Amino acid sequence: MKIKPVLVISATLIIGFAIGFLTSGMINHQRMKKFRSFNSMESFKQRTIHILEPTEEQLKEILPLIDEYAKKMDGIRKDFGKEFFTLINDFHNELKPLLTEEQIERLESLLRPPSRNSRHRGDPNERDRGHEGRPPERR
């Protein structure tokens, strides 16, 4: 007699987890979609036109303006990436003489792309380190 309530509660929990997981994924996908839309000139143009919903006359006047600014934004995006990594490399080069070998290794590991299973390899204390390389606070 006690099996039925346990099954109902278990099924409800499983369904709740599934709905929560899927809802969270959909919300995050929608949020990221806005940022991805500015990754290329074409997506910037499409998104701007979609938001404005211009008339045919407006579109004739707006398209050259959108094209001009899309090119400028694309150039800034590309330049920013180059300048950012150049600045990071300069910082690391000036910082290295002040560091120990272990600190240099940790610094260089930040520049390496993470391996597929990097969270599950090596020292268990290493995988628990936060973004700044410090272990999390224990309470």
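Taken together, the values in this text are just the output of simple stated rules run on the coordinates, not laboratory data. Values in this document were obtained by computation on a predicted structure and should not be read as measured data. Because the Cβ atoms are built from the backbone with ideal geometry, glycine has one as well, and the counts that use them run over all protein chains shown.
Results, tabulated for the structure shown:
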| quantity | calculated |
| --- | --- |
| Size of electric dipole in region 26-99: Cβ of Lys, Arg +1 and of Asp, Glu -1, about Cα centre, debye, nearest 20 | 420 |
| 24 Å Cα-Cα threshold exceeded, pairs from 33/60; 72/96; 33/78 | 33/60; 72/96 |
| Least to most buried among 73, 26, 41 (fewest other Cβ within 10 Å first) | 26, 73, 41 |
| Where labels lie 7 Å past Cα in the beta-carbon direction, separation of residue 60 and residue 17 in nm | 6.1 |
| Fewest-first ranking of 67, 79, using other Cβ atoms within 10 Å as the exposure measure | 79, 67 |
| Karplus 3J(HN,Hα) series, Hz, for region 23-33 with 6.51 cos²θ - 1.76 cosθ + 1.60 (x for Gly, Pro) | 5, 4, x, 5, 5, 5, 4, 5, 5, 6, 4 |
| Karplus (6.51, -1.76, 1.60) ³J(HN,Hα), θ = phi - 60°, over region 82-92, in Hz, Gly and Pro reported as x | 5, 5, 4, 6, 5, 4, 4, 5, 4, 4, 5 |
